[in-house]
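Inspection log for the structure reproduced underneath, given as structure tokens.
The values are calculated or read from the model by the stated rules, or taken from the named source; none is laboratory data. Quick caveat, the model's predicted, so the values are computed rather than measured. Cβ placement follows ideal geometry from the backbone for every residue including glycine, while neighbour counts extend to all protein chains displayed. Note: accessible area is taken over every heavy atom of the protein model, side chains too, but ligands, DNA and RNA are not part of it. Shrake-Rupley method; radii C 1.70, N 1.55, O 1.52, S 1.80 Å.
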Amino acid sequence: MDTEPVCAHVMVAEDDRRQAELVRRYLEREGHSVLVVHDGGRAIDEIRRRQPDLLVLDAMMPEVDGLETLRILRAEFDFPVLMLTALVSEDDLLRGLDLGADDYLTKPYSPRELMGRVRALLRRVRRTAGAAESVLTVGALVVDPARHEVTVGGGLVECTAAELRLLSTLAAQPGRVFTRGQLLEQAYGRDHYITERTVDVHILNLRKKIEHDPRKPDYLLTVYGVGYKMADVTR
């Protein structure tokens with residue numbers, strides 16, 4: 001396990017000033033430089049001036065909320081985003097992940113868990129930076145990690161960075177069954193703060209994007225009681 005600390009420039013966008021200050025103190029205690037803003041519009045402006053290594057983003061903010069902020073930023077930047085949210089329905093989580101959040105943390109949360117998620121995301125970025133990755137083909141599905149492109153039958157599919165990592169892991173070994181824990185380790189590393197529930201939400205979202213019928217998937221198959229696998233499609 002890679003335990004070397006990763007110090008980074010982190011932006012915190014949180015309208016609750018007391019909560020934002022608490023997050024700042026914990027981040028700075030681990031050696032990160034931190035910029036705190038309290039609304040989405042300011043976050044967008046500051047990020048365009050100086051791109052952070054990671055964004056901690058509250059979903060519920062005045063004027064420009066976190067989801068709209070994320071939608072705007074993902075058209076321009078690809079740094080990791082940890083979403084903080086009091087919204088707990090599956091549709092809410094899917095929307096955040098579909099817009100490009102790498103992980104989410106529901107309120108209330110412990111500062112220890114928050115810092116674990118931050119460490120996991122930053123270590124994943126370091127591990128994958130500059131890594132050479134080959135094009136993966138499974139039937140009509142083509143995954144090109146280096147170009148961040150996914151196509152099905154020649155049609156381009158928009159995927160977030162986290163979805164692409166999971167899809168690449170599965171497509172690299174069609175037919176192999178991965179537990180949720182194994183998928184977390186392959187896609188994020190050994191840090192245990194990224195939860196197995198995140199894998200389930202990403203799989204649901206990917207099925208909506210690449211499957212003809214998400215309820216009867218051809219590619220991303222559930223192995224009940226175990227986890228998931230990529231179908232060994234040769235056609």
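Descriptive notes on the structure:
- Every pair of residues 6+ apart whose Cβ atoms lie under 7 Å, when the first sits in region 27-52 and is at negative phi and among the polar types (S, T, N, Q) while the second is open to solvent by 20 Å² or more (accessible area, probe 1.4 Å) and at pLDDT 90 or above: Ser33/His9
- Which numbered condition Ala8 fails, given (1) open to solvent by 30 Å² or more (accessible area, probe 1.4 Å); (2) touching a His at 6+ places or on another chain (Cβ under 8 Å); (3) over 25 Å from His202 (Cα atoms): (1)
- Strands (runs of 3 or more DSSP E) (entirely within region 49-108) containing at least 1 residues that are within 21 Å of Leu204 (Cβ to Cβ): 81-85, 103-106
- Residue pairs meeting the criteria (Cβ under 8 Å; at least 6 apart or on separate chains; first assigned to a helix (DSSP H, G or I), in region 169-196; second open to solvent by less than 60 Å² (accessible area, probe 1.4 Å) and modelled with pLDDT under 65): Leu184/Ile194; Tyr188/Ile194
- Residue match in region 153-167 (condition: open to solvent by 70 Å² or more (accessible area, probe 1.4 Å) and either at pLDDT below 85 or hydroxyl-bearing (Ser, Thr, Tyr) (or both)): no
- Ala75 being without any contact (Cβ under 8 Å) to a residue 12 or more places away in the chain and either hydrophobic (A, V, I, L, M, F, W, C) or surrounded by 18 or more Cβ atoms within 10 Å (Cβ to Cβ) (or both): yes
- Unique match (being more than 20 Å from Asp91 (Cβ to Cβ), open to solvent by 60 Å² or more (accessible area, probe 1.4 Å) and among the charged types (D, E, K, R)) among Arg176, Arg197: Arg176
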